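A quick write-up on the structure given underneath.
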Amino acid sequence: MKKFESQEPILEKDVMATIQVLGALLTKPSLLLEEKYKLNVEDFPEPFHKIMFSSIENMVKSGVQSFSYMTIDSYLVKYEQQYQLYLETNGAGWVQYAMTNVEIENFDVYYNTLKKFSMLRCLKEKRFDTRRIFDVTESNPARKEKVERDFYAMSLSDMVEKYEKDLNEIKEKFNADNSDGYGVQAGKDLKRLKEELKIAPEFGMNLASKKLTTICRGARLKKLYMRSAPSGFWKTRSAVADALTISIPWIYNLETGNWDRTGCDEPTLFITTELEISEIQTMCIAFVSGVNEEAILDGKYKEGEEKRVDEAIDIIEKSNFYIEYMPSFNIDTLEHIIKKHKFSHSVGFVFFDYLFASVKILTEMAHKTGGVKMREDNILLLAIDKLKFLANTLNVFIFTATQVNDSYKTATVIDQGVLRAAKSLADKIDIGYATLPLNAKDREAITPIVHSLRCREPNACVHVYKARRSKLSKVKLWVFFDAGTLRWTDCFVTNNDYELLNVDDTNIEIILEENVEEPMEILASQEEAVKEEEQSDWF
């Protein structure tokens with residue numbers, strides 16, 4: 001029998017960290033299901049450890065809740081090559097050793113060590129000079145000890161910053177980030193601009209509300225929009241509806257009972273700060289299918305609803321809609337996430353829900369200012385300024401949200417004064433509005449309008465206080481929002497004096513490529529793919 005460890009000399013690894021992480025997963029499999037731990041097979045450099053991790057991961061996904069060496073043995077026996085290596089490496093003894101000597105309370109330490117070595121190998125594969133982080137060729141005992149001590153003290157962010165600093169210096173030297181302004185003679189290219197606007201007027205993508213699309217001129221690239229609302233008044237749900245309107249090519253029409261082609265299939269990113277990804281996903285299903293989210297959460301459907309849900313899931317799986325969960329964010333990580341999806345998935349539309357002074361952003365500002373404390377409003381202003389900068393430099397649309405203060409309950413006119421913490425945020429945005437519940441004065445004033453138009457009675461009012469390049473600023477859009485399906489119903493638009501305004505609906509039509517499949521065709525192809533996957537080999 002061989003020893004537990006391979007004799008192959010792989011220097012960029014930590015044997016103890018590997019044993020402890022795998023031992024912890026064997027002892028407490030639920031660790032694999034926690035969002036903050038992102039392990040993959042490439043984190044383990046040796047074949048035996050890859051086999052162990054893959055076995056644990058596959059069994060946890062299938063519902064296994066506890067392990068022993070017999071559990072692993074009975075699983076691997078089905079795979080000849082993997083089982084042979086398991087036997088040659090005394091796998092049963094290794095499993096017992098790892099589970100007996102595991103230090104669950106120190107899992108985070110070993111996990112971070114494992115991920116650091118994994119990043120080190122990744123950097124090396126990408127041909128970065130990793131000696132500045134961890135020089136495995138160092139032979140001088142004193143220097144070697146210092147190299148190891150410094151490496152173990154680093155965080156993953158510290159490792160990345162070693163290279164980001166150089167890249168930023170290069171960008172500054174060659175002005176590669178286009179951060180500087182520029183000037184031209186006022187008439188330069190004006191005729192070309194005029195003709196371009198005749199062919200393609202300045203409109204962005206559809207929002208969930210067609211009248212709000214008219215008011216805002218759609219979701220436009222290089223623009224920053226901000227919605228504000230009281231706590232629990234649909235900030236996230238409204239944002240998800242807007243994001244899906246931009247990114248989902250098919251939606252179920254509750255009036256006709258048919259799947260309607262939306263004309264929209266744009267790569268879109270939704271960054272959630274409070275709700276976990278699964279909570280956003282059920283909202284997505286509800287919006288696309290038109291089935292109330294409560295039925296989806298309870299798993300109890302009326303006739304025909306589950307079929308619609310299955311079709312909606314298939315549409316979402318094939319879409320260009322991406323979700324990131326950031327419960328504690330700072331400006332740097334926010335920028336990194338947006339850039340990652342811009343460059344990896346060509347994302348042009350970003351929804352960040354929502355802007356607040358997190359612990360992480362407070363720590364970041366304290367670090368950057370050398371410990372000097374900053375007021376919350378100044379920190380939020382820096383954050384919104386960064387979002388506007390990213391919208392311009394990356395050519396993306398960014399939508400964010402904030403809370404309102406209690407002044408909205410008594411204010412006669414709703415504007416940036418209702419923004420909580422920093423009304424100066426409105427200075428940086430292109431579109432700003434507050435979505436608020438109706439008060440007694442509102443209900444009394446709009447009752448005659450509702451009766452005359454014979455429309456649905458609104459349950460919310462969108463107060464548009466800022467709208468650059470739009471003629472419809474300082475207006476009120478009265479809507480009914482179904483929180484269960486995330487569907488908007490536009491009722492009518494008034495000015496601040498409750499006088500009815502004639503505002504048309506806008507539906508921006510985009511010609512999609514012919515290869516965008518029908519919902520049932522997508523569903524059929526997905527079912528076939530699942531069958532093929534089930535028949536495939538383990539590796």
Practice problem: Test LYS116 against the criterion of being surrounded by 11 or more Cβ atoms within 10 Å (Cβ to Cβ), out of contact with any Pro (no Cβ under 7 Å at 6 or more places or on another chain) and touching a residue at least 40 places away in the same chain (Cβ under 8 Å), and give yes or no. | Solution: yes
Quiz item: Of all residues in segment 425-473, which are hydroxyl-bearing (Ser, Thr, Tyr) and in a loop (DSSP other than H, G, I, E, B)?
Solution: SER470, SER473
Exercise. Identify all residues within segment 126-148 that are surrounded by 10 or more Cβ atoms within 10 Å (Cβ to Cβ) and either at pLDDT below 75 or not β-branched (Val, Ile, Thr) (or both); write none if there are none.
Key: PHE128, ASP129, ARG131, ARG132, PHE134, ASP135, GLU138, ARG143, LYS144, GLU145, LYS146, GLU148
Quiz item: Quick check: is even one residue across segment 68-90 part of a helix (DSSP H, G or I), within 30 Å of THR130 (Cβ to Cβ) and in contact (Cβ under 8 Å) with a residue 60 or more places away in the chain?
Solution: no
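Every residue, every condition in (1) modelled with pLDDT of 90 or more; (2) buried (at least 22 other Cβ atoms within 10 Å of the Cβ); (3) aromatic (Phe, Trp, Tyr), yes or no:
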position	(1), (2), (3)
ASN395	yes, no, no
ILE398	yes, yes, no
LYS409	yes, no, no
THR412	no, no, no
ARG420	no, no, no
LYS423	no, no, no
ASP427	no, no, no
ASP430	yes, no, no
TYR433	yes, yes, yes
Quiz item: Taking segment 297-329 on its own, how many of its residues are closer than 21 Å to ALA483 by Cβ, outside any helix (DSSP H, G or I) and among the basic types (Lys, Arg)?
Solution: 2
Exercise. Assess whether PHE107 counts as being within 30 Å of ARG132 (Cβ to Cβ), touching a Lys or Arg at 6+ places or on another chain (Cβ under 6 Å) and at pLDDT 90 or above.
Key: no
Practice problem: Assess whether ALA98 counts as being in a helix (DSSP H, G or I) and surrounded by 18 or more Cβ atoms within 10 Å (Cβ to Cβ). | Solution: yes
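Rundown of residues vs (1) at pLDDT below 95; (2) surrounded by fewer than 21 Cβ atoms within 10 Å (Cβ to Cβ), yes/no style:
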residue: ASP189; (1), (2): yes, yes
residue: ASN206; (1), (2): yes, no
residue: CYS216; (1), (2): yes, no
residue: SER228; (1), (2): yes, no
residue: ILE248; (1), (2): no, no
residue: THR268; (1), (2): no, no
residue: LEU275; (1), (2): yes, yes
residue: GLU279; (1), (2): no, yes
Quiz item: Given the structure, is PHE287 of a type in the set (Phe, Trp, Tyr) and in a strand (DSSP E or B)?
Solution: no
Quiz item: Somewhere in segment 319-328, is a residue buried (at least 17 other Cβ atoms within 10 Å of the Cβ), of a type in the set (Val, Ile, Thr), modelled with pLDDT under 90 and at negative phi?
Solution: no
Quiz item: Taking into account only those residues within segment 399-418 that are without any contact (Cβ under 8 Å) to a residue 60 or more places away in the chain and not in a loop (DSSP other than H, G, I, E, B), which is farthest from ILE384 (Cα to Cα)?
Solution: LYS409
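The values are calculated or read from the model by the stated rules, or taken from the named source; none is laboratory data. Given the structure is predicted, the values throughout are model-derived calculations rather than measurements. So basically every Cβ, Gly included, is an ideal-geometry build from the backbone, and we count neighbours across all protein chains shown.
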